[in-house]
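Asker: Okay, here's the structure, questions in a sec.
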Amino acid sequence: MPVSKLFADGLKYLTDESLPIGERFAKFNAPLHEYVGPEVITRDVNFRSNDRWTKGRWYRSPKATGPQPLLIWFHGGGYEMGDYNIIEGHVFSLELADRGHINVFNYDYTKIAPGSGLAFPLPLEDGYNALQYVLKNLNPAEVDVNRIFVGGISAGGALAAVVATLDRNSGNPKLAGQLLNCPVLHRVIPEPSQELAEDISQWPWIIDNKEITGLHQRLGSNPAGSPDWWWAGDVKDFKGLPATQIINCQYDGLRASGEKYAADLAAAGIDVEVSYQPGVPHAHINRIPEDCPEVVETMNSILGWIARH
């Protein structure tokens, strides 16, 4: 499928070399409409993780009745940018709660920005601590304790997959599944398929191994020396992991990582569904639904998968 109109129209900003890179992406990502959110009950909470205060937000539709599934959600940003208020965090959580009548817990894990003095793997530890917090503080009248899922986008998808692995390793797993959107799951991105190589050649900004090497350097996570568990696709054993949905983006170099992880899970006997959202580059869900119909398609895929599990 060709690049969708929204992103094709924005190419003039991404390729405008007269603008600083930050301004290019600001113009490229600028919403076309004013977002008006659905009526959803939200509740902000603070709790300690790694001796730091962290934040989360609960979401529940007033139309929901009785115990419903819960999705713990992590936004993206390369572990160094963003927070739970960005579109792919807050708006996406609002929409999922409203459209699916599910519960969502949107978590603002620690960022490891250059000069922060903070070290990797703090975000990963935060993610697992968020799962423990949720398990201790959920309302069983509202949450189906047998249908707790973890998910996220990009680095948030990587974080979700690590949390699922740590939950499996605990010997008393609580997660019913993991839902990963355009995740990065390996220290080194696997080689793309011929189909993917043809797709990414049509888009000017691709996350490749040069980008990932820069990310490692900024995070202080030497790929050669980092533990396997930091990257869910690099662990030695995939058996016992929960059911998994992976939705990649068509024009995204990280699609190779999601596809390789899916193949490894399937080989280990894990229930896995892998697809890509046609027509979009990396992180399309950081757009409001009114601007990007592909966001709605992705939300429907996520909610449909949760309903089946």
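The values are calculated or read from the model by the stated rules, or taken from the named source; none is laboratory data. Keep in mind that what you see is a predicted model, and the values were worked out from it rather than measured. Neighbour counts are summed over all protein chains in view; Cβ atoms, including those assigned to glycine, are modelled from backbone coordinates with ideal geometry. Surface accessibility is based on the protein's heavy atoms, side chains included, excluding ligands, DNA and RNA. Shrake-Rupley method; radii C 1.70, N 1.55, O 1.52, S 1.80 Å.
Asker: What are the semi-axes of the equivalent ellipsoid for the chain, taken as the square roots of 5 times the Cα gyration tensor eigenvalues, largest first, in whole Å?
Answerer: Result for the chain: semi-axes of 27, 23, 20 Å.
Asker: Report the percentage of all Cα-Cα pairs in region 170-292 whose separation exceeds 19 Å, rounded to a whole percent.
Answerer: For region 170-292, the fraction of Cα-Cα distances above 19 Å is 51 percent.
Asker: Related question: So if a site counts as exposed when it's one of the trypsin sites (Lys or Arg not before Pro), its DSSP state isn't H, G, I, E or B, and it has at most 10 other Cβ atoms within 10 Å, what's the longest stretch of the chain without one?
Answerer: 1-235
Asker: So in region 1-128, what percent of DSSP beta bridges are antiparallel if you round to the nearest 5?
Answerer: 75 percent
Asker: Compute the distance in nm between two label points, each set 7 Å from the Cα along the Cα-to-Cβ direction, one at residue 296 and one at residue 191.
Answerer: 4.1 nm
Asker: Between residue 80 and residues 5 or more places away or on another chain, which pairs have amide H atoms under 5 Å apart, with H built 1.01 Å from N, and which residues are they?
Answerer: 112
Asker: Here is a further query. Roughly what would the spin-label model give for residue 27 and residue 116, points 7 Å off Cα along C-beta, in nm?
Answerer: Those two pseudo-labels are separated by 3.0 nm.
Asker: Here's something else I'd like to know. Kindly report the accessible area of region 51-149 per residue (heavy atoms of protein chains, probe 1.4 Å, no ligands, DNA or RNA), in Å².
Answerer: So region 51-149 comes to 37 Å² accessible per residue, rounded to a whole number.
Asker: Could you put 229, 73 in order of accessible surface area, largest first, with the 1.4 Å probe and the full protein assembly present?
Answerer: Solvent-accessible surface, decreasing: 229, 73.
Asker: Let me ask something else. Helix-only estimate, please: 222 nm mean residue ellipticity of the chain, summing -39500 (n - 2.57) across DSSP H runs of length 4 or more and dividing by its residues, to the nearest 500.
Answerer: Rounded to the nearest 500, it is -10500 deg cm²/dmol.
Asker: Give me the dipole magnitude in Debye, nearest 20, for the chain about the Cα centre, with unit charges on the beta carbon: positive for Lys and Arg, negative for Asp and Glu.
Answerer: Using Cβ point charges on Lys, Arg, Asp and Glu, the chain gives about 840 debye.
Asker: Hey, with R₀ at 45 Å, roughly what FRET efficiency would residue 169 and residue 18 work out to, going by the Cβ-Cβ distance, to 0.05?
Answerer: That pair, residue 169 with residue 18, gives E of 0.35.
Asker: Could I ask something else about it? Whole angstrom only: what separates the Cα centroid of region 59-82 from the Cα centroid of region 189-268?
Answerer: Cα centres, region 59-82 to region 189-268: 23 Å.
Asker: Further question on the same structure: Please report, as a whole percent, how much of the solvent-accessible surface of region 113-177 comes from carbon and sulfur atoms (probe radius 1.4 Å).
Answerer: Carbon and sulfur together cover 48 percent of it.
Asker: Multiply the residue separation of residue 266 and residue 217 by 0.36 nm, subtract the distance between their alpha-carbon atoms, and state the gained length in nm to one decimal.
Answerer: Taking 0.36 nm per residue and subtracting the Cα distance, the gain is 14.4 nm.
Asker: Could you check the simple spin-label distance between residue 132 and residue 63, using points 7 Å along Cα→Cβ, in nm with one decimal?
Answerer: Those two pseudo-labels are separated by 3.8 nm.
Asker: Over the chain, with a Gaussian network built from C-alpha contacts below 10 Å, which listed residue (140, 281, 69) shows the highest mean-square fluctuation?
Answerer: The residue that fluctuates most here is 140.
Asker: Once the other residues with Cβ under 12 Å from the Cβ of residue 195 are scored (Lys, Arg +1; Asp, Glu -1), what is the net sum?
Answerer: Net local charge, residue 195 excluded: -2.
Asker: Report for the chain the percent antiparallel among DSSP-assigned beta bridges with both residues inside it, nearest 5.
Answerer: Roughly 35 percent of the beta bridges in the chain run antiparallel, per DSSP.
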